[in-house]
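Read the structure below first, then the notes.
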Amino acid sequence: MPSIAAPTSRFLRACRRQAVDATPIWLMRQAGRYLPEYRKIREKATLIQMCENPALAAEVTIQPLRRFDLDAAILFADILLLPRAMGLHLEFVKGEGPRLTPPMRTAKAVARLREDDPRQTLGYVMDAIRLIRRELKPGKALIGFAGAPFTVASYMVEGGPSDHYLVTKAMMHGEPQLWKALMTKLARATSAYLVAQVEAGAQAIQLFDSWVGELSASDYERFVKPHSKQVLDAVSKTGVPVISFGTGNSGFLGRFASAGGDVVGADWRIPLDEAWKLIGRDRAIQGNLDPILLASGPTKAMLAAAKAVLERAGGRNGHIFNLGHGVLPMTPPERVKALVDFVHDASRR
Ligand code: CP3
C-alpha cells in the first residue's frame, strides 16, 4: 500500500513557518540554460514546444533535482503562456526576448481577450504537473506559478520586454478605465489558471511580479495592488501556500507584502532582516542571494554571502533560501551544488 503519511517537505513547512531540520532551498530558474542536459533538449525543441510537451516539461523540471539536493521543483512553463491562451500570439525572438502580438492598447483588443477554461486551453500544463508529481521523490514539493497581473500586462501592452514601460504607464494614467479592464480580466484569468494548477497537484504557488519595481509606491497602490491581491486571495483559498515575489521593490516592500501571500520574496538589494521587518514577522520570507555572486567571482565569496543571508535569517522559522532573482545562464552548475549543500549544512538545527 502506498504510504499515506509521506514525509512533509521542509519547503512546505517553512512556508507555514513551522520548525525545520535545515533551511530549505530552491532557485528561481533552476531549470534552464545553465544546465547542459537542458540545452541538449532545447537544441531539438523551441521553448514553447517544450512547455506544450508534458513529458519534456516534466523532464526539465526534474533535471536540477537529479543534480542538486533542492527542496522544491518549479514547474517548467512560462508566464506568457497565459496571454497566449487568451488569444495573443507568442514568439521568442533570438536576442530580443518574447514578443506578444497584437499589443493590447484598445478597449476592443481587451474585450476580445478570451477567458476559456484553463484546464482546456492550458491542459498541457496540468498534464505536466500530474506527471511531475508522480516522479518527484517524497519530501520534494512542486511549485506552480504565474506572472502577476502587472508584469504580464506590461508584456501585453508593450508587445515585449520594455526599458521604460512608456505605453504601460501612459495607459495607467491616461486611460485608467482601460487599464482597469485589462487588469481585471488578467487577475480573473490568472486566478483560474492557478487554482487549476493546484487542482492538478501543485503544492505551492509563486506569483512572479518581476518588473513591479519599475513602479512608484503610489502607482503600485493605485493601479496594481488591488489586482495582485485578488489573485493572491483566490489562490490562498485553495489552502496551498502562496509566494509573492517581486524585484526592485524594496522601496515599497511593506506595501507589496500587504497585497498578500504566505511567503514574500526579497531581492538582493535589501538585507534579509530589514526586508523581514518590512514584510512582517508573521509571514515567511524567501531570498535573497545576489544571482551574480552565484554566477561569478570566488566560490568562497559566494558562500560567505550565503552565510550572511543565513545569519540575517537568524535561524527563525519561515526562511526559504533562494536567489534574489533567477539563476543566470552563465552560472557554473558546480557552484549551484556548492550553494545547495552549504545552505543545508550551515543551517542544520
Ligand atoms: O526554472 C524555472 O524557473 C521554471 C521555468 C520558468 C521559465 N520562465 C522558463 C523559461 C519560469 C518560472 C519563467 C517565468 C518567467 N518568464 C518570468 C518571471 C521570472 C523572472 O525571471 O523574473 C518572466 C519575466 C518570463 C518571460 C520570459 N520568458 C522572458 C523575458 C524570456 C526570455 C529571456 C531570455 O533570456 O531569452 C523567457 C524565456 C524563458 N522562459 C527561458 C526559460 C528557461 C529561456 C528559454 C530558452 O531560450 O531556453
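Remark: the stretch 320-327, residue by residue, has Karplus-estimated 3J(HN,Hα) of 10, 6, 7, 7, x, 7, x, 4 Hz, where x stands for each Gly or Pro and the curve is 6.51 cos²θ - 1.76 cosθ + 1.60 at θ = phi - 60°.
What is the pair-distance distribution P(r) of the stretch 51-151, computed from all Cα-Cα distances in 10 Å bins starting at 0, with each bin given as a whole percent? With a bin width of 10 Å, the distribution comes to 14, 39, 31, 14, 3. Pairs spanning more than 20 Å between alpha-carbon atoms, out of Lys44/Lys337; Lys180/Lys237; Lys140/Lys300; Lys137/Lys337; Lys40/Lys94: Lys44/Lys337; Lys180/Lys237; Lys140/Lys300.
Filter the chain for me: DSSP H helices, axial length by Cα at least 20 angstrom, mean Kyte-Doolittle hydropathy not below -0.5. List them by residue number. Flagged H segments are 54-67, 176-200, 299-313, 333-347.
Mind ranking 302-311, 82-91 by how tightly packed they are, going by the mean number of other C-beta atoms within 10 angstrom, highest first? All intermediate terms of the calculation are to be shown ahead of the outcome.
Working: 302-311: 17.1, 82-91: 18.8.
Going by the mean number of other Cβ atoms within 10 Å, highest first, we get 82-91, 302-311.
Computed over the chain, the alpha-carbon pair-distance distribution with 20 angstrom bins reads 31, 61, 7, 0, each value a whole percent.
Label sites at Ile48 and Arg283, each approximated as a point 7 angstrom past Cα along Cα to Cβ, lie 3.5 nm apart.
Stretching Arg119 away from Lys40 to a fully extended chain increases their span by 25.5 nm, per 0.36 nm per residue minus the current alpha-carbon distance. A quarter of the convex hull surface defined by the alpha-carbon atoms of the stretch 191-325 gives 8.4 nm² as the mean projection.
Every number in this text was worked out from the coordinates using simple rules, so none of it is lab data. All values reported here derive from a predicted model rather than from experimental measurement. When we count neighbours, we look across all protein chains shown, and the Cβ atoms used for this are built from the backbone with ideal geometry, even at glycine.
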